[in-house]
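To keep things clear, I will list the structure first and then write my remarks on it.
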Amino acid sequence: MFSVDEAVLVKFQLKKNKSLTNEEIDEIVEADEIRKGLNRAIQFLARRVRSEKEVRDYLKKTKRSLRRIFQP
């Protein structure tokens, strides 16, 4: 059992007692990490305007995967 962001919950149509494969769990966890990183970046930006470098540095400190968050 684990918690996920609401957007991930909706995207994967997760419901209580839904059976998931290991591959689905891995995909959900990855999507949740991306979403959590985006949420952290948004909260960080909400305080004042920041450069992309400031956001990247902040996310490095919080150990979020920048490659996954800043994908084109």
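The values are calculated or read from the model by the stated rules, or taken from the named source; none is laboratory data. Please read all numbers here as calculations on a predicted model, not as lab measurements. Glycine gets a Cβ as well: all are built from the backbone with ideal geometry, and neighbour counts include every protein chain shown. Quick note on the areas: whole protein, heavy atoms, side chains included, nothing else; ligands and nucleic acids left out. Shrake-Rupley method; radii C 1.70, N 1.55, O 1.52, S 1.80 Å.
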(request) Evaluate the following for Ala41: is it open to solvent by less than 90 Å² (accessible area, probe 1.4 Å) and at pLDDT 85 or above? (result) no
(request) Within the range 26-53, track down each residue that is among the hydrophobic types (A, V, I, L, M, F, W, C) and without any contact (Cβ under 8 Å) to a residue 12 or more places away in the chain. (result) Ile42, Leu45, Ala46, Val49
